Each structure stands twice: as C-alpha cells, then as structure tokens.
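**Student:** Okay, handing you the structure first.
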Amino acid sequence: MRPAFAVGLVFAGCCSNVIFLELLARKHPGCGNIVTFAQFLFIAVEGFLFEADLGRKRPAIPIRYYAVMVTMFFTVSVVNNYALNLNIAMPLHMIFRSGSLIANMILGIIILKKRYSIFKYTSIALVSVGIFICTFMSAKQVTSQSSSSENDGFQAFLRWLLGIGALTFALLMSARMGIFQETLYKQFGKHSKEALFYNHALPLPGFIFLASDIYDHAVLFNKSELYQVPFIGVTVPIMWFYLLMNVITQYVCIRGVFILTTECASLTVTLVVTLRKFVSLIFSILYFQNPFTLWHWLGTLFVFVGTLMYTEVWNNLGSTKSQLQKEDKKD
C-alpha cells in the first residue's frame, strides 16, 4: 500500500509542480530565486519541527559533511532555476536534466574507478544523442525566433549558450553530490529525511546574497492580478498563489520520493522518476503549446529509452518472470 501511495505522491506532486513552475516562469522568467527560497524555507521549517525536534535532536551525520553537501545542493538549485532566464525552454530544461545518468557514469568512472557493461555504455550513448538532438534543434529555434537583426540574434544565441553551460555545470555538480552522499550513507548509514532537512535549512543564510532579487520579484508578485482561492474565498495576487502551490507540490514530490526509496528497490525508484519526467514533459508540451518538432520527439525517445536501458528494466522483469514460474512449479 505504501509503495502505491508513494508513486501517487511522486506523480501528483512532481507533475503538478512542473505546471506551477512554468506558470511562474512564463510570467516572470527570472523568478527562480524567490521560488527556490520559498521551497527551501518551507521544507526547512517542516524539518525543524518534525525531524530535528526543534533543534533538540543531534544529527547522525556530522554537520561538516552536510556543509559540503549543502554547498553543492544550493548551487545546483540556483543554477538550474537561473537557466530558465537564459533562453532555455522548459521542455529542453527537463530533457537536459534527464541526462543525469551521463554525468553519474562519467564521474563514477573518474572518481570511483567504476566500470560498466557494454549494455550500459550503449544506453548512455542513446541518452547523449537524444540530448544533443534536442539541444541542437532548440539552438536553431532560438536563433530563428529572435529579432531579425543579426546582432540581436547573436546575443540571444549567446544567452542560450550560457544557459546550456549553466545546465551542464549543474548536471555535473548534481552527480558529484550524489556520489558524495552515497559515500556518506555507506559510512554513517541512511538518513534521507535528516539529509533532506539539512540540505534545505543550512543554505538559507546564503539567500542573503540574493535578497535584492527576491525582494524585487516579491514586489512584482504583489502587482499581479488578484485571484480568489477556491473553497477558501480569500483573494490574493495570482503569482503568490502559484508560488504557494509550487512549494506545496514540491514538498509532496520530495516526500513521495523519500517514501519510495525506503519501500522499493532503487530500480523501481529510477523507473518511477523517469516515467514521471516523461509525463511532465508531454503535459508541458501539449498544455502550454511549447514548440516541439519531430526531431525533439526523436531526441526525447532516445533519452528515455536510454534511461530505461540503463536501469536494465527488461532484464529485471525477465528474472522476476522466471522466479514466478519457478514458484508456480513448486506449487
């Protein structure tokens, strides 16, 4: 029952979170900092009340290790959100972040000296080709949709190129954080909920450096059109409503993933998250009418087929079927 409940949380929370994020980004493309701050503050307050027991509970993992992890986590979150302000469309943003397998494999080979099967190298090649196709086609769209002036088109392309660089950096940093977290869990044991709290609480002072941008967007949010919240009847600026829903759905999404990791094998978690990304992508394209060509679809297919190949889902399904057949024979 709990795994099914967790899957429901992941799909409901993560998919709806993407909707409200795009609603925010379409109106104010540079609002990533205020969105990140609100998410971090909400999860930190919840963790302080229920996980840290108002600060009375000592962490199982020393704070100095969390400080390193938090630096990585904070950087990844800010850079990923800021990329939306650099001519990066939401579908490309989602596809590019699906390339985490590539980053994990590269850093795993370099740092952990891991070696993989030909099957997994093939899956990574598929993901790489898929991301390249989508990136290349989006570059063409950015140039063609910009002003007819060559100078304006060149500036738009440079901003897009900077956005691609930001996404690449965040992808590698996220993979490095995953390896670091894996090492900590091996040494101190798994404490996912504790890590979730400290990853969101410790970076909060860092938002002081972004206070000016956060304040400017808070003023812009106050000037947005009024919206009457259903069932409650309270009237608030619609951007604040979008932000509130984004924060709540982000929390539901993260909690769902946490429950899933404690109830299911890593293969199931990876598969569920991958399928969630695909559903979010399809919804974003159809509902928001984002430009998506046949080449984009081909690239998307490569990314997700490669991801499923990497998880070796078919082999695991085959072994499960064989196990069930053996049990039937015993009966």
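**Student:** Report the accessible area of residue 129, computed with a 1.4 Å probe over the heavy atoms of all protein chains in place, in Å² rounded to the nearest 10.
**Tutor:** Accessible area of residue 129: about 70 Å².
**Student:** Could I ask something else about it? Given a Förster radius of 30 Å and the C-beta distance between residue 68 and residue 235 as r, what FRET efficiency does 1/(1 + (r/R0)^6) yield to the nearest 0.05?
**Tutor:** Numbers: r = 45 Å, r/R0 = 1.49.
With R0 = 30 Å, the Cβ-Cβ based efficiency is 0.10.
**Student:** What does the charge count around residue 107 come to, taking other residues whose C-beta lies under 13 Å from its C-beta (Lys +1, Arg +1, Asp -1, Glu -1)?
**Tutor:** Numbers: positive: 113, 114, 176; negative: 182.
Neighbourhood net charge equals +2.
**Student:** Shifting gears a bit: Do any of 113/193; 57/114; 193/277; 113/277; 113/190 go past 26 Å between their Cα atoms, and which?
**Tutor:** Long pairs (Cα-Cα over 26 Å): 113/193; 57/114; 113/277.
**Student:** With a 1.4 Å probe and all protein chains kept in place, how much accessible area does residue 15 have, in Å² rounded to the nearest 10?
**Tutor:** Spelled out: residue 15, probe radius 1.4 Å, area about 20 Å².
**Student:** Okay, next question. So who's got an amide H within less than 5 Å of the one on residue 227, skipping anything under 5 residues away but keeping other chains? H placed 1.01 Å off N, in plane.
**Tutor:** 236, 238
**Student:** At what distance in nm do the modelled label points of residue 109 and residue 46 sit from each other, each positioned 7 Å from its Cα along Cα→Cβ?
**Tutor:** The two pseudo-label positions are separated by 3.8 nm.
**Student:** Can you pull out the chymotrypsin sites (Phe, Trp or Tyr not before Pro) in region 162-204 that DSSP calls coil and that have at most 11 other Cβ atoms within 10 Å?
**Tutor:** Details: sites: 169, 180, 185, 188, 197, 198; in loops: none.
When the chymotrypsin sites (Phe, Trp or Tyr not before Pro) of region 162-204 are filtered for loop state and at most 11 Cβ neighbours within 10 Å, nothing remains.
**Student:** Please sort 72-85, 294-307 by packing, taking for each peptide the average over its residues of neighbouring beta carbons within 10 angstrom, highest first.
**Tutor:** Working: 72-85: 20.9, 294-307: 19.3.
Final packing ranking: 72-85, 294-307.
**Student:** Roughly speaking, to the nearest percent, how much of region 1-95's 1.4 Å accessible area is carbon and sulfur? Mind dumping the intermediate values first?
**Tutor:** Working: 2870 of 4210 Å².
Exposed carbon and sulfur together represent 68 percent of the surface.
**Student:** Okay, moving on. Give me the accessible area of residue 213, 1.4 Å probe, in Å² rounded to the nearest 10.
**Tutor:** 50
**Student:** Going by accessible area, probe 1.4 Å, with all protein chains left in place, what is the ranking of 26, 56, 255, largest first? Mind showing how you got there, number by number?
**Tutor:** On the way: 26 125, 56 160, 255 50 Å².
Heavy-atom accessible area, descending, gives 56, 26, 255.
The values are calculated or read from the model by the stated rules, or taken from the named source; none is laboratory data. Remember, it's a predicted structure, so these values are computed and weren't measured experimentally. A quick note on method: Cβ atoms are made from the backbone with ideal geometry, for glycine too, and the neighbour counts reach across all protein chains shown. When the accessible area is computed, the model is the full protein with side chains, heavy atoms only, and any ligands, DNA or RNA have been set aside. Shrake-Rupley method; radii C 1.70, N 1.55, O 1.52, S 1.80 Å.
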